[in-house]
């Protein structure tokens, strides 16, 4: 297995830093379910927590709980502890992170822990939140130049995100600016979570897709045991 249910491996078994993924409401009608991802961390013997971008301006840090599946990251123990400590410090630094289909210009300032706002229309997804945290702290997860920008099913998901942004209160200026990014590279949750579980980094697209297939198998096997959350917040679509 690549990712585990909490009844197979409790969240508190994480050494310091992990990644999580869960089934979620689908954005595209033909999908059975969507996927949502985040970061799992634990410091100083405290209970494990999950940091994740739930939706537009909704960065959350909360106790680890189902329906997430999880795995340790492929970093050294020292580096994992460093990132976990950084995430713990950010519990007191909430950020209004925009949800967007192109993450260009979105990053964190390592010294102050602050999110640096990107240009209008740019933002993070639950998956690129993970990528941005790692990159900002000096750990590039993905070999991003190997990702394609022309996957047709990504376009459908991106248009669905824009529609839901408009319906859930994003400003019209923001949505109009984001519309120009349809067709941008998309880093899917299973690709990001799968890549994070292996070493060394950065991980190329071909390797990430193979890892994503294993993650998707684990999620699919868990769906019959895990209740998918009610619709109402946007999450990444399934592959």
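Ratio of Rg to Rh for the chain: 0.93 [Cα atoms; Kirkwood radius as inverse mean 1/r over pairs].
Across segment 26-178, the relative contact order, built from alpha-carbon pairs under 8 Å that are at least six residues apart, equals 22 percent. Specify the inter-centroid distance of segment 205-225 and segment 93-160, based on alpha-carbon positions, in whole Å. First find each Cα centre; the distance between them is then 22 Å. Using equal-weight Cα scatterers in the Debye expression, the normalised intensity of segment 2-101 in log10 at q = 0.10 Å⁻¹ is -0.28.
Once you have the alpha carbon radius of gyration of segment 108-187, what is it after dividing by 2.2 N^0.38 Å, with N set to its residue count?
Working: Rg = 13.9 Å, N = 80, 2.2 N^0.38 = 11.6 Å.
Normalised Rg, Cα atoms only: 1.19.
Can you give the percent of C-alpha pairs in segment 49-139 whose distance is more than 16 Å? Cα-Cα pairs in segment 49-139 separated by more than 16 Å: 54 percent.
I need the Kirkwood Rh of segment 140-217: take the reciprocal of the average 1/r across all distinct C-alpha pairs and report it in angstrom. Don't skip to the answer; put the middle values down first.
On the way: mean 1/r = 0.0727 Å⁻¹.
Final number for the Kirkwood radius of segment 140-217 is 13.8 Å.
All of the numbers you see were taken from the coordinates with simple rules; none came from a lab. Every value quoted in this text rests on a predicted model; they were computed, and no experiment measured them.
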